[in-house]
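The values are calculated or read from the model by the stated rules, or taken from the named source; none is laboratory data. Remember, it's a predicted structure, so these values are computed and weren't measured experimentally. Counting neighbours? That spans all protein chains shown, and the Cβs are built from the backbone with ideal geometry, glycine included. We work out accessible area using only protein heavy atoms, side chains counted, and drop any ligands, DNA or RNA first. Shrake-Rupley method; radii C 1.70, N 1.55, O 1.52, S 1.80 Å.
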Amino acid sequence: MMNVERRSLLKGMALGGLAGVALSSSSLSLANNVLGRPAHAQAPSLALVSAEVARSAFVQGLQASPLAPPLQVLPAGLELAVLLDLQQRLGSGQPQRLIGLLDDASAALIVDLARSAGARVQWLGQHSTSAGQSHHRLLSAQASHGCALQLGQQLHACGQGFSLHEQRLHSPAPTLQLASANRGVAGDQWAATLGYALAVLGSTDTGQAPLLASRRSALTGTYVSFSIEV
């Protein structure tokens, strides 16, 4: 069981901006230790989402593909009961995948739990959005190849302004950098596209996320996404 004092310390670090540090170049060696195992395409998935994300287009994207593995959506945060349940899942020895879009603090704790359990993070992203513009800093392994490009292409196609920076680990591929000006479109299409891409990771699905009928922006602020294989 994770020591409560250590959990409190990690929470404080996360609240101080740990997600941004984890995605900086100075921490790539740490990320290299946890990224890279191939995906189990048929492993059941658990989606961990914060309260505001649970009401957003991210969940709509997660549930859009009929070819994605079985998926359970679980609102999650820093509650001890949630963390203990997750720790038990990680230690069960059963193949499974965790997908998430959470606040910095919750995501930092869950990634730490996954690392402690010997799991592998296939994708780690930091996303910020405001005034119809979204910004994405991504670390990805081979298993999530194509997710970042899909995110950028669909955001450009729907007219939502964005900037995207992807670093692929264990790969000679150059850094991916994409950007597009906003063409008068607000909303969280980025969240729907991200949810879809992470849900179908490792499957045979080659489709795209649904284009949202509503342009209302549901998510503002900073979030961390991840895909973790146990």
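Within the option set Leu113, Leu139, Leu151, Leu178, being at pLDDT 80 or above, hydrophobic (A, V, I, L, M, F, W, C) and under 21 Å from Ser65 (Cβ atoms) holds for one residue only, Leu151.
Taking the stretch 114-128 as the range and being over 16 Å from Leu178 (Cα atoms) and either part of a strand (DSSP E or B) or open to solvent by less than 10 Å² (accessible area, probe 1.4 Å) (or both) as the test, the residues that pass are Ala114, Ala119, Arg120, Val121, Gln122, Trp123, Leu124.
For the stretch 129-148, which residues satisfy the criterion of being surrounded by fewer than 20 Cβ atoms within 10 Å (Cβ to Cβ) and not in a strand (DSSP E or B)? Within the stretch 129-148, Ala131, Gly132, Gln142, His145, Gly146 qualify.
No other residue among Ala213, Ala199 is aliphatic (A, V, I, L, M) and modelled with pLDDT under 75 apart from Ala213.
Listed by first and then second residue, the pairs with beta-carbon distance under 9 Å, at least 6 apart or on different chains, first residue in the stretch 81-98 and within 18 Å of Leu71 (Cα to Cα) and touching a residue at least 12 places away in the same chain (Cβ under 8 Å), second hydroxyl-bearing (Ser, Thr, Tyr) and open to solvent by 60 Å² or more (accessible area, probe 1.4 Å), are Leu90/Ser116. Take the residues in the stretch 150-196 that are assigned to a helix (DSSP H, G or I) and of a type in the set (Gly, Ala, Ser); name whichever of them is farthest from Ser50 (Cα to Cα). Once the filter is applied, the top-ranked residue is Ala157. Filtered by the rule that a residue be within 16 Å of Gly195 (Cα to Cα) and over 12 Å from the mean Cα position of the chain (by Cα), the stretch 114-130 gives Ser128, Thr129.
Would you mind stating whether Leu74 is within 28 Å of Gly187 (Cβ to Cβ) and either surrounded by fewer than 20 Cβ atoms within 10 Å (Cβ to Cβ) or free of Cβ contacts under 8 Å to residues at least 24 places away in the same chain (or both)? So Leu74 passes the test. Within the stretch 145-173, residues that are in contact (Cβ under 8 Å) with a residue 24 or more places away in the chain sit with their Cβ atoms under 6 Å from residues that are part of a strand (DSSP E or B) and open to solvent by 70 Å² or more (accessible area, probe 1.4 Å), at 6+ positions apart or across chains, in these pairs: Ser163/His135; Ser163/Ala179; His165/Arg137; His165/Gln177.
Let's see how each residue does on (1) modelled with pLDDT under 85; (2) not basic (Lys, Arg):
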residue: Leu30; (1), (2): yes, yes
residue: Ala51; (1), (2): no, yes
residue: Ala76; (1), (2): yes, yes
residue: Gly93; (1), (2): yes, yes
residue: Arg97; (1), (2): no, no
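If the condition is being at pLDDT 85 or above and in contact with a helix residue (DSSP H, G or I) (Cβ under 9 Å, 6 or more places away or on another chain), then the stretch 116-128 contributes Gln122, Trp123, Leu124, Gly125, Gln126, His127.
Okay, residues lined up against (1) open to solvent by less than 10 Å² (accessible area, probe 1.4 Å); (2) in a loop (DSSP other than H, G, I, E, B):
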site	(1), (2)
Phe58	yes, no
Leu78	no, yes
Leu84	no, no
Gln87	no, no
Gln94	no, yes
Gly100	yes, no
Ala108	no, no
Asp112	no, no
